[in-house]
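Beneath this line is the structure, given in structure tokens, with notes to follow.
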Amino acid sequence: MTHCPRYLPRPLTPAAWAGPPGRLLPDGAPRLWLARIPDLRAGLVPLAESLLDDGEKARVAALLRAEDRDAYQVTHTALRLLLGAYLGTAPSDVPLVRRACPVCRARHGPPAVPHTPLHFSVSRSADLCLLAFARTAVGVDVERWPTPKVVADVGESLHPLERAALDACPPARRPAAFARVWTRKEAYLKGLGTGLGRAPHLDHLGISAYGARPVPGWAVSDVAAGVGYAAAVALAERH
């Protein structure tokens, strides 16, 4: 038996937005971009001041560590550059809003560009950022393998069958197994628009290296992110 095929994201370099990917995305598979934040820091941090909006700049200013500020600026500047390329507009003119939360209806749901067919999702962890774009609702997550303590503590929040499978997993393999299930779960919850406003124990995505368990109405797939990381994408099916 072989591992389930994973999405292979495109490397995120300046060429991604220098030649516009096109105004509209194709139906079917999402477009995924993966980058090491240090590789883009010198080129993108200087652009952040002119491209990010006031809300994004406020979030940058609230971050205490310089590396966190740089990571946010790189990720969100890259997001705006790609949105501008996909939509055929200046990156600084892309209007970002928050959708209504499906749980409480307040405007703190996933980010969106109003009045377009484009959906997107962003994640970053340590030195990596991952971005997804699609024609239907999409969620993405990337995580560095956690410590055994994090596995033990956060593992309690998983679905009962996931907790049991994790407990049965050899200790040396638990960090990778936990990262697999957690990224699948985060990607799915981001796609739903709830984030962790929906309790993680409610959905059974599974820890198996052979792929996520089926979720009605969604395709949840692993994404290749390199040694020491796990990543996943969740894409809503078209009706």
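The values are calculated or read from the model by the stated rules, or taken from the named source; none is laboratory data. Model, not experiment: these values are computed from the prediction. Note: ideal-geometry Cβ built from the backbone for every residue, glycine included; neighbour counts use all protein chains shown. To get the accessible areas, we keep the full protein, side chains included, count just its heavy atoms, and leave off ligands, DNA and RNA. Shrake-Rupley method; radii C 1.70, N 1.55, O 1.52, S 1.80 Å.
Sorting the Cα pairs of region 183-235 by distance into bins of 5 Å, from 0 upward, gives 4, 21, 33, 26, 12, 4, 0 percent per bin. In this label model, R163 and R238 are separated by 4.1 nm, measuring between points 7 Å along each Cα→Cβ vector.
Under the simplified labelling scheme, the T13-R36 pair shows an inter-label distance of 1.3 nm, with each label point 7 Å from Cα along Cα→Cβ. The calculated 222 nm mean residue ellipticity attributable to helices in the chain amounts to -11000 deg cm²/dmol, summing -39500 (n - 2.57) over DSSP H runs of n ≥ 4 and dividing by all residues. Here K185 is the anchor, and the aspartates and glutamates within straight C-alpha reach of less than 16 Å, apart from those fewer than 8 places off in the same chain, are D141, E143, E156, E162, D203, D222. Counting protein heavy atoms only, region 156-211 has 57 percent of its accessible area on carbon and sulfur, 1.4 angstrom probe. Between 0 and 90 degrees, the angle of helix 174-192 with respect to the longest Cα principal axis of the chain falls at about 50 degrees. Seen through its C-alpha gyration tensor, with square-root eigenvalues sorted a ≥ b ≥ c, region 9-146 comes out rounded because a/c lies under 1.5. Each Lys and Arg contributes +1 and each Asp and Glu -1, all at the Cβ; summed about the Cα centre of region 40-116, the dipole is approximately 340 debye. In the chain, the longest principal axis of the Cα atoms and the axis of helix 66-87 are about 70 degrees apart. In this simple spin-label approximation, A100 and H115 carry label points 7 Å from Cα along the Cα→Cβ vector, and these lie 2.0 nm apart. Sorting 38-49, 191-202, 73-84 by average packing, meaning the other beta carbons within 10 Å per residue, from highest down gives 73-84, 191-202, 38-49. Evaluated with a Cβ-only charge set (Lys, Arg +1; Asp, Glu -1), the chain carries a dipole of roughly 280 debye about its Cα centre, given to the nearest 20.
Can you tell me how region 32-99 classifies by the Cα gyration tensor, rounded, prolate or oblate, using a/c under 1.5 as the rounded cut? Judged from the Cα gyration tensor, region 32-99 comes out oblate (a/c at least 1.5, b/c at or above a/b). Potential lengthening of the chain between R173 and E67 amounts to 35.2 nm, from the contour at 0.36 nm per residue minus the alpha-carbon distance. When the Kirkwood radius is taken over all Cα pairs of region 90-239, what Stokes-Einstein diffusion coefficient follows at 25 °C and 0.890 mPa s, in µm²/s? The Stokes-Einstein estimate is 154 µm²/s.
Computed over region 146-205, the convex hull of the alpha-carbon atoms projects to a mean area of 3.6 nm². Specify whether the C-alpha gyration tensor of region 88-136 places it in the rounded, prolate or oblate class, a ≥ b ≥ c being the square roots of the eigenvalues: rounded for a/c under 1.5, otherwise prolate if a/b is larger than b/c and oblate if not. Judged from the Cα gyration tensor, region 88-136 comes out oblate (a/c at least 1.5, b/c at or above a/b).
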